[in-house]
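S.K.: Have a look at this one.
Derivation of every value follows stated rules applied to the coordinates shown; laboratory data play no part. All values reported here derive from a predicted model rather than from experimental measurement. Using ideal geometry, Cβ is built from the backbone for each residue, glycine included, and neighbour counts are taken over all protein chains shown.
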């Protein structure tokens, strides 16, 4: 019987090998776990979604019950942090929503075009602080106080033998502006005042790059999670995408690599058109995590010799399918993807995933 | 009537389009004819989206410019005096407030000559039923981004059927977590992976080439 410390080391090494495109003893299983754990453990969603510490406790219990998975993307629920990443309001269970519902971003055009001038004249930090506190009502002091407990949350998960795969999340500038302005508002700006948008993004990006370097050094994070979901290729013409998405994503990615960490690109939506761009990153230093909308086989074909792939058990299958369907899907994926592969849910494990289906996913990687 | 107007709409040239609409208006051109030319331009936008020359960014701009032009001539796009292939009612199911996918579909359908009734997000079953009774669509689209909304879709479709409104009506579903299994589970006629799928399904249904 292995101790939790031994299991933790074994699982870390398994993930490390998969990322480095070496052959691990078994395929690592690292789902993006949050709301599922609350349902799994019968925890009240309203409390789970609003307390990082409580969510951490529930997630650890859920993982113990699930058994031999390798880790979780995060040590706690991300919901309270979403407004910071997307500059938009969030509807929470127990507050704006019924107690047992999932949290949801309430995307509205809160940031205005006039705000661009404010950002350019006063700088991003002052604007951001006022915007978060007073415009979208983020209890910033409470959130920051809870974030100070992250090391204890990570330790709790590790003490149970599970890897916290990417404890550090970097919010990207395009996500912030696109969220604050709303997707339509942002896209209109790209046509009607592109130079001003670019100037604003440049100002924010400079701070982001400095902060991410400091954060990686302070936390000694080996893996950094970035999620450029709103910058998907399917949303932009190539010229706009290169100018307003890729340029800034590449700068962030290069900075993470320079700091010696591995990048986990959490890629939602369809990026098929632009997969070739990711070839510019060094071999074995990045993970392409797909929700399944970008065809995982096309990712394998384009990038399989350069970066580890993570994904993509469909949410609908986990919620509606049978354990046999999940097991067979995962077994085929493990066989077809080869060694540089981490088995995961496509984006987050859905809250209403059947427990037996999640267990079938884990079993497929252990058989 | 101005080819310039059609081209300006298709090329998303806002300043030319505004100038042209104002010029036509001052010449006494009927509003309906101007709208029809704008719609011709929108059809080209839809075609370019289908051919992957245009993306969501261009669909959004086209909708914005169309709205601006319509405001100049006092037109009501929702009333839709312009001829259409048919009517499409669309919303995000109750319990889900995500609207990006829904907006892509409504814009693409509109660009392809369908009259679109957009019910918004968090749409109740009663609102779908009321809209079906009022607008008599050929196709209804139901969107979601959450697997927890699947049961709401299922209930909504069952209720539409129980209300005796399913005959001659096709119901499409789509959204991030949906697939054919979801369509089977909720009782939809088809699952659309992309916005373009909803256009092709609807055109085929209505015999549009």
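S.K.: Determine the relative contact order of chain A: mean sequence separation of Cα pairs under 8 Å and six or more apart, normalised by residue count, in whole percent.
M.R.: Details: 671 pairs, mean separation 78.0, N = 367.
Computed value for chain A: 21 percent relative contact order.
S.K.: From the helices alone, meaning DSSP H stretches of at least four residues, give me the mean residue ellipticity at 222 nm for chain A, per-run term -39500 (n - 2.57), in deg cm²/dmol to the nearest 500. Numbers along the way, then the final one.
M.R.: Working: 18 runs with 186 residues, N = 367.
Estimated from H runs of four or more residues: -15000 deg cm²/dmol.
S.K.: Taking the 0 to 90 degree range and rounding to the nearest ten, how far is the long axis of helix B:195-205 tilted relative to the main principal axis of chain B, both from C-alpha atoms?
M.R.: With both axes taken from Cα atoms, the answer is about 90 degrees.
S.K.: Here's another thing I want to ask about it. According to a simple spin-label model (label point 7 Å from Cα along Cα-to-Cβ), what is the distance in nm between residue A:126 and residue B:68?
M.R.: Spacing of the two 7 Å Cα→Cβ label points: 3.2 nm.
S.K.: Something else: Take each of the peptides B:190-202, A:124-136, average the number of other beta-carbon atoms within 10 Å over its residues, and list them starting from the highest. The partial results should precede the final answer.
M.R.: Working: B:190-202: 19.5, A:124-136: 15.5.
My ranking of the peptides, most packed first, is B:190-202, A:124-136.
S.K.: Something else about it: For chain B, what is the calculated [θ] at 222 nm in deg cm²/dmol (nearest 500), taking -39500 (n - 2.57) for each run of four or more DSSP H residues and dividing by its residue count? Intermediate values should be presented prior to the final figure.
M.R.: Values: 9 runs with 114 residues, N = 209.
Mean residue ellipticity, 222 nm, calculated: -17000 deg cm²/dmol.
S.K.: Follow-up question, since we're still on this one. State whether segment A:222-312 is rounded, prolate or oblate according to the following rule on the C-alpha gyration tensor (a ≥ b ≥ c being the square roots of its eigenvalues): a/c under 1.5 gives rounded; otherwise a/b larger than b/c gives prolate, and the remaining case gives oblate. List each step's numbers first, then the result.
M.R.: Details: a/c = 1.59, a/b = 1.12, b/c = 1.42.
Oblate.
S.K.: To the nearest 0.05, how large is the calculated FRET efficiency for residue A:114 and residue B:11 if R₀ is 30 Å and r is the Cβ-Cβ distance? If you can, show how the numbers build up before the last one.
M.R.: Working: r = 29 Å, r/R0 = 0.96.
It comes out at approximately 0.55.
S.K.: Right, here's the next one. Return the distance in nm (one decimal) between the two label points of a simple spin-label model at residue A:276 and residue A:356, each offset 7 Å from Cα along Cα→Cβ.
M.R.: Between residue A:276 and residue A:356, the label points sit 4.8 nm apart.
S.K.: Here is a further query. Nearest 10 degrees, 0 to 90: what angle lies between the long axis of helix A:52-66 and the longest principal axis of chain A (Cα atoms)?
M.R.: With rounding to tens, the tilt is 30 degrees.
S.K.: Measure off 7 Å from each Cα along the Cα-to-Cβ vector at residue B:130 and residue B:23, then give the distance between these two points in nanometres to one decimal.
M.R.: For residue B:130 paired with residue B:23, the spin-label model returns 4.5 nm.
S.K.: Could I ask something else about it? Name the shape class, rounded, prolate or oblate, that the alpha-carbon gyration tensor gives for segment A:136-185, where a ≥ b ≥ c are the square roots of its eigenvalues, rounded holds for a/c under 1.5, and otherwise prolate holds if a/b is larger than b/c and oblate otherwise.
M.R.: Values: a/c = 4.24, a/b = 1.90, b/c = 2.23.
Note, shape of segment A:136-185 comes out oblate.
S.K.: Is segment A:161-303 best put as rounded, prolate or oblate by its Cα gyration tensor, with a ≥ b ≥ c the root eigenvalues, rounded for a/c under 1.5, and otherwise prolate when a/b is larger than b/c, oblate when not? Provide the component values of the computation, followed by the final result.
M.R.: Details: a/c = 1.88, a/b = 1.23, b/c = 1.53.
Verdict is oblate for segment A:161-303.
S.K.: Please give the length that would be gained between residue A:68 and residue A:336 if that part of the chain were fully extended, namely 0.36 nm times their separation in residues minus their C-alpha to C-alpha distance (nm, one decimal). The partial results should precede the final answer.
M.R.: Numbers: separation 268, 0.36 × 268 = 96.48 nm, distance 2.21 nm.
My answer for the length gained is 94.3 nm.
S.K.: May I ask you to derive the relative contact order of chain B, considering only C-alpha pairs under 8 Å and at least 6 residues apart, and to give it as an integer percent? Display every interim value, and only then the final one.
M.R.: Numbers: 329 pairs, mean separation 36.1, N = 209.
That works out to 17 percent.
S.K.: What whole number of Å gives the distance from the Cα centroid of segment A:12-39 to the Cα centroid of segment A:242-274?
M.R.: What the calculation gives is 21 Å, centre to centre.
S.K.: Tilt of helix B:56-73 relative to the longest C-alpha principal axis of chain B, in degrees (0 to 90, nearest 10)?
M.R.: 60
S.K.: A further question follows. Using only Cα positions of the protein assembly as shown, each an equal point scatterer, no hydration layer, compute I(q)/I(0) via Debye at q = 0.07, 0.08, 0.09, 0.11 Å⁻¹ and quote the log10 values to two decimals.
M.R.: -0.43, -0.56, -0.71, -1.07
S.K.: A further question on this structure: Give me the percent of DSSP beta bridges within chain A that run antiparallel, rounded to the nearest 5.
M.R.: Values: 3 of 28 bridges.
For chain A, the DSSP antiparallel bridge percentage is about 10.
S.K.: I've got another one for you. Using Cα pairs closer than 8 Å and at least 6 residues apart in sequence, work out the relative contact order for segment B:87-205, in percent.
M.R.: For segment B:87-205, the relative contact order is 28 percent.
S.K.: Need the C-alpha centroid separation for segment B:122-145 versus segment A:65-128, integer Å.
M.R.: About 30 Å separates the Cα centre of segment B:122-145 from the one of segment A:65-128.
S.K.: Something else about it: Compute log10 of I(q)/I(0) for chain B with the Debye formula, placing one identical point scatterer on every Cα and leaving out solvent, at q = 0.09, 0.17 Å⁻¹, to two decimals.
M.R.: Log-scaled intensity ratios, in q order: -0.36, -1.09.
S.K.: Oh, and also: Which residues in segment B:177-209 place their backbone N less than 13 Å from a point set 7 Å from the Cα of residue B:167 along the Cα-to-Cβ direction?
M.R.: Within reach of a label on residue B:167: no residues.
S.K.: Which FRET efficiency value, to the nearest 0.05, is calculated for residue A:298 and residue B:184 with the Förster distance at 25 angstrom and r the Cβ-Cβ distance?
M.R.: Details: r = 26 Å, r/R0 = 1.04.
Efficiency computed from Cβ-Cβ geometry: 0.45.
S.K.: Once you wrap a convex hull around the alpha carbon atoms of segment B:3-73, what is its projected area averaged over all directions, in nm²? Spell out each step's value before the answer.
M.R.: Numbers: hull surface 16.0 nm².
Seen from a random direction, the Cα hull of segment B:3-73 projects 4.0 nm² on average.
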